[in-house]
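Chemist: Supplied in structure tokens, the structure appears directly below.
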Amino acid sequence: MASTTATGDNDENTTISFGCDYAKSSNAKCHGKYCENEISKGTLRLSRLIPNPFIPQSSTREEQLMPVYYHVKCMINYLRTGNEKKKRIENVEQDLQGFDELKKKDQEKLKQLFNYEEKLQGNLSETSTTVQTTYLEHDKDKKYWQISYDNKSTKTKYGLLDEPDSNAILLYKDFSNKAEAKKYADKKIQEKIQKNGYTLKKQTGVTTNNQTPVATKRKRKQSPTPANTASTKRTKKQRTTIPTATRKQPTRSASIRK
């Protein structure tokens, strides 16, 4: 099937299915939002199959579809954003056409990547017991915005108050550690409140539980310090006493000889 270069992420609702294969040449470009680089020949690539406007409806189903290609990482970034209802890859073995034809190592690679995505989204779901969420509303524009973070990942969700929750726009992001994820969330919250006119409506998740263990650990690390100092002083005294006794012994032995 021929590739298309005229299609971006704006047609996300037209995705019929997904596919995977190895690039047969270096002509196709990646359609990732921040990429658009060529996909080198022989590289593992993923694709969204969308209706081909240049093929008549009388053609076979396969001919009516054309692929929009992505690097693997760029496809994951694409799936992390957009409307909550848009079609996504949930099971690589079932949802990716051509999966069985991939090399074993590439099959395992895709399984690991998408298993991680499933875990990430589960940890940030509204039913998670560990996620921390801040919910804001814009009274004038009748819209809402919320951000959640758990471990080293965040989930942003926003939409209009009078629309179904399924119309919300999502954005998942991954960071190097939990501190970076929290820093990003705090920054976005302040921007929405101070610059964009949002009002804080609700916060869920307890943050003090994460702070208490830190304070406890610091006290435990400081408490052994005096004991170590005392033991060091005793050792020095012992070392001082031993040479003194050694000096007296030759004097006594000399007097005995006389």
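The values are calculated or read from the model by the stated rules, or taken from the named source; none is laboratory data. Worth saying up front: this structure is predicted, and the values here are computed from it rather than measured. All Cβ positions, glycine included, derive from the backbone under ideal geometry; neighbour counts span all protein chains shown.
Chemist: Check whether at least one residue in segment 80-94 is within 30 Å of residue 53 (Cβ to Cβ) and hydrophobic (A, V, I, L, M, F, W, C), and report yes or no.
Modeler: yes
Chemist: Within segment 100-125, restricting attention to residues that are over 17 Å from the mean Cα position of the chain (by Cα) and not in a helix (DSSP H, G or I), which residue is surrounded by the most Cβ atoms within 10 Å (Cβ to Cβ)?
Modeler: For segment 100-125, the residue satisfying everything is 102.
Chemist: In addition: Name the single residue, out of those in segment 143-189 being aliphatic (A, V, I, L, M) and assigned to a strand (DSSP E or B), that is farthest from residue 85 (Cα to Cα).
Modeler: 147
Chemist: If you go through segment 161-171 one residue at a time, do you hit one that is touching a residue at least 60 places away in the same chain (Cβ under 8 Å) and within 12 Å of the chain's Cα centre (by Cα)?
Modeler: Yes.
Chemist: Please verify whether segment 157-167 includes one or more residues that are touching a Gly at 6+ places or on another chain (Cβ under 8 Å) and either more than 22 Å from residue 200 (Cβ to Cβ) or buried (at least 17 other Cβ atoms within 10 Å of the Cβ) (or both).
Modeler: Yes: one or more hits.
Chemist: Looking at segment 168-200 only, could you name the residues that are touching a His at 6+ places or on another chain (Cβ under 9 Å) and surrounded by 16 or more Cβ atoms within 10 Å (Cβ to Cβ)?
Modeler: 192, 198
Chemist: Return a yes/no flag: does segment 80-99 have any residue that is within 16 Å of the chain's Cα centre (by Cα) and either surrounded by 12 or more Cβ atoms within 10 Å (Cβ to Cβ) or in the same structural domain as residue 44 (by TED's automatic domain parsing) (or both).
Modeler: Yes, segment 80-99 contains a residue that is within 16 Å of the chain's Cα centre (by Cα) and either surrounded by 12 or more Cβ atoms within 10 Å (Cβ to Cβ) or in the same structural domain as residue 44 (by TED's automatic domain parsing) (or both).
Chemist: Taking segment 126-156 as the search range and keeping residues that are under 12 Å from the mean Cα position of the chain (by Cα) and among the basic types (Lys, Arg), which one is surrounded by the fewest Cβ atoms within 10 Å (Cβ to Cβ)?
Modeler: 152
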